[in-house]
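Okay, so here's the structure we're looking at.
Any read-out appearing in this document is the output of simple, stated calculations on the displayed coordinates, not a laboratory observation. Predicted, not measured: the structure shown is a model, and the values here were computed from it. Counting neighbours? That spans all protein chains shown, and the Cβs are built from the backbone with ideal geometry, glycine included.
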């Protein structure tokens, strides 16, 4: 049991904990904060996988920008509402059985999975390696990303403006 | 393999800093709670002891316009993230990468122009 394994256990535990808290907390803002916990733990897992740049992007985009979007989404809605839940024994049991079946199916599928030898040297000049890959090998997907971002921006403007004019 | 261990071990510092950052407010606030006197009166418990009475809930419903600003921030944040690997690897890539990045930025700039023309940036 080396340090990497312990770090992986802690990080995956906090990631799952964040997800469970998000489902079980009552207030929407607390749910948002538990999602941030999951995002940050995933960034830690990226660090373990020698993907430093992706880890920083995870923190910058997900726990920074996407969280802001979610926070604004909450503020636009009636966020004082509390989650009222009904308990149903039969449904809980069925969901439990489903979770178990899913677990064993996935476990059986990935038990003897072999990915081939892992990539080495990813931690050396990580950002530069990513840059060379994107701008020398994956040029067309990279330019497509700009189109996707443009469509997202325009679509959001069209949708939000329509909503705003109805309010007037 | 050796440099991988150096890479992983250097993150021990970050873990130490993280623990300090988490423990510092917890220790400071709980130590303060143990030390300070606690004698609340009704007058002390008001939000502003010598100000106006607060009314309404602090978390009001926001205008939808704020959402557009947040969304544009996310879009251009993602654009900026692509600039970092480009800038770091620029020495190895040369002039072709510059043209690629120019196309990328121009396409997103069109989005900014569209938002501008539609009056999203103007506050009414």
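The table for this structure:
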| quantity | calculated |
| --- | --- |
| Segments B:87-97, B:63-73, B:33-43 sorted - mean Cβ within 10 Å per residue, highest first | B:63-73, B:87-97, B:33-43 |
| Least to most buried among B:78, B:16 (fewest other Cβ within 10 Å first) | B:16, B:78 |
| Per-residue [θ]222 nm for chain B (sum of -39500 (n - 2.57) over DSSP H runs n ≥ 4, rounded to 500) | -24000 deg cm²/dmol |
| Full-stretch length increase - residue A:67, residue A:139 - with 0.36 nm per residue and alpha-carbon distance subtracted | 23.0 nm |
| MRE, 222 nm, helices only [DSSP H, n ≥ 4, -39500 (n - 2.57), over chain A, to nearest 500] | -23500 deg cm²/dmol |
| Global form of the range A:1-79, assessed from the alpha-carbon gyration tensor, a/c cut-off 1.5 | oblate |
| Label-to-label distance, nm, for residues given as residue B:121 and residue B:77 (7 Å Cα→Cβ offset) | 2.0 nm |
| Under 15 Å from the residue B:35 label point (7 Å along Cα→beta-carbon), backbone N, the range B:1-24 | B:24 |
| Inter-centroid distance (Cα atoms) of the range A:38-52 relative to the range B:86-100, Å | 27 Å |
| Per-residue average of Cβ from other chains inside 10 Å of A:48-61 | 2 |
| Calculated FRET value between residue A:120 and residue B:19, using beta carbons and R₀ = 35 Å, to 0.05 | 0.70 |
